1. So is Gln289 closer than 30 Å to Gly374 by Cα, open to solvent by 10 Å² or more (accessible area, probe 1.4 Å) and either at pLDDT below 95 or not aromatic (Phe, Trp, Tyr) (or both) or not?
2. So how many residues does the range 255-274 have that are over 18 Å from Phe182 (Cβ atoms), in contact with a helix residue (DSSP H, G or I) (Cβ under 9 Å, 6 or more places away or on another chain) and part of a helix (DSSP H, G or I)?
3. Can you name every residue in the range 113-134 that is charged (D, E, K, R) and either outside any helix (DSSP H, G or I) or in contact with a helix residue (DSSP H, G or I) (Cβ under 6 Å, 6 or more places away or on another chain) (or both)?
4. Can you tell me which residue is nearest to Glu364 (Cα to Cα) among those in the range 206-220 that are under 26 Å from the mean Cα position of the chain (by Cα) and not aliphatic (A, V, I, L, M)?
5. Here's a check for you: in the range 292-330, which residue that is surrounded by fewer than 24 Cβ atoms within 10 Å (Cβ to Cβ) and not hydrophobic (A, V, I, L, M, F, W, C) is nearest to the chain's Cα centre (by Cα)?
6. Looking at the range 259-275 only, could you name the residues that are of a type in the set (D, E, K, R) and surrounded by fewer than 24 Cβ atoms within 10 Å (Cβ to Cβ)?
7. If only one of Gly171, Gly135, Gly180, Gly140 is open to solvent by 10 Å² or more (accessible area, probe 1.4 Å) and closer than 22 Å to Phe66 by Cβ, which one is it?
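The values are calculated or read from the model by the stated rules, or taken from the named source; none is laboratory data. Small disclaimer: the values here were computed from a predicted structure and weren't measured. Cβ placement follows ideal geometry from the backbone for every residue including glycine, while neighbour counts extend to all protein chains displayed. To get the accessible areas, we keep the full protein, side chains included, count just its heavy atoms, and leave off ligands, DNA and RNA. Shrake-Rupley method; radii C 1.70, N 1.55, O 1.52, S 1.80 Å.
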Amino acid sequence: MAYAAAAPTQHSTAIPPIKIRSIEAAPLFGESPKGGWSAEIKPEDSIHAIVAVHTDAGITGFGSAFTDGRLVQASLKVLEPLYAGENALEPERVTEKLHQNTFWMGRGGTLTHTISGIDIALWDILGKATGMPVGRLLGGTYRQRVQPYCSLLMEEPARMRDIVAEYRAKGFRAFKIGWGPFGRAQDTKLDEAIVRAAREAAGDGNRLLVDAGASDAHWPHGLKWAIRTAEMLKDYDVGWFEEGLKPDAIDDFCHLRRISPVPIAGGEVLTRRQAFIPWLTRGAFDIVQPDVTKVGGISEQRRIAWMAADLGVKYIGHGWNTALGVAADLQMAAAFPDADLVEFIGGSPYVDGILAQPFKLDDEGYLAIPDQPGLGIEIDRDKVARFVPDASSLFA
């Protein structure tokens, strides 16, 4: 029996293409938080940038890139011939085009970080154009809220205890302590004293995570230190041991994961999904931590997360960036079944001080995942102007 083709409808309900009109980047200056790095961040340094994608439909999407904002501005000039006039409703195709056509300039550096900000902004546009939150566009909603872990720098024990207690009083029930003197002072008794102080302040019923920060310049330790430290951490019910080894020591990571009594986490310095393949297939991590503002945006992050899931590795995004990064991580957490934590920097103005409605913990220490279109958050023009010399370009 032959079937006649359906007659075309006279009035299509498809959303027409929305073209990229321009892309702007605004470096954040003035209140950059300390990072615990050996070459410490100064408040006037630029380590993050807001990216705004403007369209011919009057919709603007926002993203964030983890690098000096002046490098992002330069990268946009390089990328402009590739994105100008493109359809802003196709984030994966557009950003893959940017990746594929810039391989010869180096994969994974400033251009990739810049593409991350563009990609997040394009997903924001797609959500605003369709009236749906990004999490739903990514395939579903597994949760309406998620627990943030308060990310804090390590300090001397007495100060560490006070800082964790301060953020516990603000409602946090999960904490990550990292960098600072841990490992760098080459004093294992001090390392343990810091962790003990944090555990006492956090309380036995709350989560405590430890980040050595071995991607820092001239990290002084190797595998044997990491093994001894992992053994120590188990006594304090530490949920994971992050970056306990130099970031390219894949063989050592694989060995550490096999014998460590606590889960091993890492991956924040890797960018693009291809870089994660050997780390995931060889079993280097229990928890993989791509950073959405570095790795290539939401489009790359979701592919890494699903690849990790298929290989039995838990995905929890690295989120030491801005409120835009937190918003992207919240939407990712909605769309992935085991993403039960998001990183939240304690006391960063670039997280707490740029949104019209700042993130707010509920009574159980959770964050609601925004269900408004796109990323579900709104940048406050006046607030962001404190950190951006000329904020007008973000809202043109």
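1. Criteria not met by Gln289.
2. Counting residues in the range 255-274 that are over 18 Å from Phe182 (Cβ atoms), in contact with a helix residue (DSSP H, G or I) (Cβ under 9 Å, 6 or more places away or on another chain) and part of a helix (DSSP H, G or I) gives 3.
3. Passing the criteria: only Asp119.
4. Only one residue tops the list, namely Asn206.
5. The selected residue is Arg302.
6. Hits for the range 259-275 are Arg272, Arg273.
7. Gly180
The rows are residues; the columns are (1) in a strand (DSSP E or B); (2) more than 30 Å from Asp211 (Cα to Cα); (3) hydroxyl-bearing (Ser, Thr, Tyr); (4) without any contact (Cβ under 8 Å) to a residue 24 or more places away in the chain.
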position: Ile23; (1), (2), (3), (4): yes, yes, no, no
position: Arg70; (1), (2), (3), (4): no, no, no, no
position: Lys77; (1), (2), (3), (4): no, yes, no, yes
position: Glu80; (1), (2), (3), (4): no, yes, no, no
